[in-house]
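Engineer: Dropping the structure in here first, questions after.
Computed from the coordinates by the stated procedures, all read-outs in this text should not be read as laboratory data. In this text the structure is predicted, and so the values were computed from the model without any measurement. Every residue, glycine as well, gets a Cβ built from its backbone with ideal geometry; the counts of neighbours run over all protein chains shown.
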């Protein structure tokens, strides 16, 4: 199966009241884990690559691995750019075969964010490419994009309506209390803010920094209208922990398949758990 658009997946999620999982990939084993989990759960899935993943693996390798993985399963798979920050980079990903892109202008003033997002949309939509934007600043670190706790700010619901009206963007990442990377304490999502946002716009809402957020809070966010949930850190944790266990059990092992195979299995299992939590199991 070829890549599908994220917009198409989120339309189904909106109609069904669930969220589609968006899982970051960095290497072959995680690419395989994502589609194996989705196939096992009969769920639509979004495979996403950050700027760091593209720099590490190379865009041609990312696209080739993702395309091969998508062709090996029957469930719908989208390939999405996570946190693109420049127009040229967005165009590079579109030309390379991504079916969806995120333009993150959240660190820019509002009008500049609108202008950049609109520029991307004018090029992407005629090609059938989905566009996600971000409004408000999500704390933590995503590859080389860092937002300090002092700088982090929640999304203003009134700005959301203005932003969506001006851009026509397909989905929007909002800051309601999540952060990229590992949490130092338990996050507390601002559900009242999410309710206000959903009352003002009817496009799918995206939750970034979802690894480490308690399951009950994720479930409530989905009930209130979140339709795409991003997961990266939890996959990395499961993958690396499995590698450490394999090496500890046999320090003399030199077959990478015996080290990375269990890591792939661990990543597959955590992704399956998230899919079930998001309510997208059986929705393919």
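Engineer: What residue among 111, 41, 134 shows peak mean-square fluctuation when the chain is described by a Gaussian network model with Cα springs under 10 Å?
Structural biologist: Of the options given, 111 has the highest mean-square fluctuation.
Engineer: Hey, rough spin-label estimate for residue 56 and residue 199, points 7 angstrom out along Cα→Cβ, what's it come to in nanometres?
Structural biologist: 4.2
Engineer: Another one. For the Cα atoms of the chain, what angle does the longest principal axis make with the long axis of helix 28-41, in degrees from 0 to 90, nearest 10?
Structural biologist: Result, in degrees: 80.
Engineer: Restricting to the chain, what percent of DSSP beta bridges are antiparallel, rounded to 5?
Structural biologist: So the antiparallel bridges amount to about 10 percent of the total.
Engineer: How large is the helix-only mean residue ellipticity at 222 nm for the chain, computed as the sum of -39500 (n - 2.57) over DSSP H runs with n ≥ 4, divided by its residue count, in deg cm²/dmol to the nearest 500?
Structural biologist: About -15500 deg cm²/dmol.
Engineer: Counting other beta carbons within 10 Å of each Cβ, put 135, 224 in order, fewest first.
Structural biologist: So the ranking, lowest neighbour count to highest, is 224, 135.
Engineer: Next question. Taking the Cα atoms only, what angle lies between the long axis of helix 87-96 and the longest principal axis of the chain, rounded to 10 degrees?
Structural biologist: 50
Engineer: Which residue, 58, 225, 105, has the most motion in a Gaussian network model of the chain that connects Cα atoms within less than 10 Å?
Structural biologist: 58
Engineer: Turning to a different aspect of this structure: How do 264, 245, 67 rank when sorted from fewest to most other Cβ atoms within 10 Å of their own Cβ?
Structural biologist: Ordered from fewest to most neighbouring Cβ atoms within 10 Å, 264, 245, 67 come out as 245, 67, 264.
Engineer: A further question follows. Using a Förster distance of 30 angstrom, determine the FRET efficiency expected from the C-beta separation of residue 161 and residue 219, and round it to 0.05.
Structural biologist: The calculated FRET efficiency here is 0.70.
Engineer: Relative contact order of the chain: what whole-number percent is it, with Cα pairs under 8 angstrom and at least 6 residues apart?
Structural biologist: 23
Engineer: Please grab the % of Cα pairs in the range 9-131 that end up more than 22 Å from each other.
Structural biologist: 36
Engineer: With equal scatterers on the alpha carbons only and no solvent term, can you work out the Debye log10 of I(q)/I(0) for the chain at 0.08, 0.16 1/Å?
Structural biologist: Result of the Debye calculation: -0.30, -1.28.
Engineer: I've got another one for you. Quick one: among 31, 243, 206, which has the greatest mean-square fluctuation in a GNM of the chain with alpha-carbon springs under 10 angstrom?
Structural biologist: Between 31, 243, 206, it is 243 that shows the largest mean-square fluctuation.
Engineer: Shifting gears a bit: Would you mind checking the tilt of helix 157-167 against the longest principal axis of the Cα atoms of the chain, expressed as 0 to 90 degrees and rounded to 10?
Structural biologist: 90
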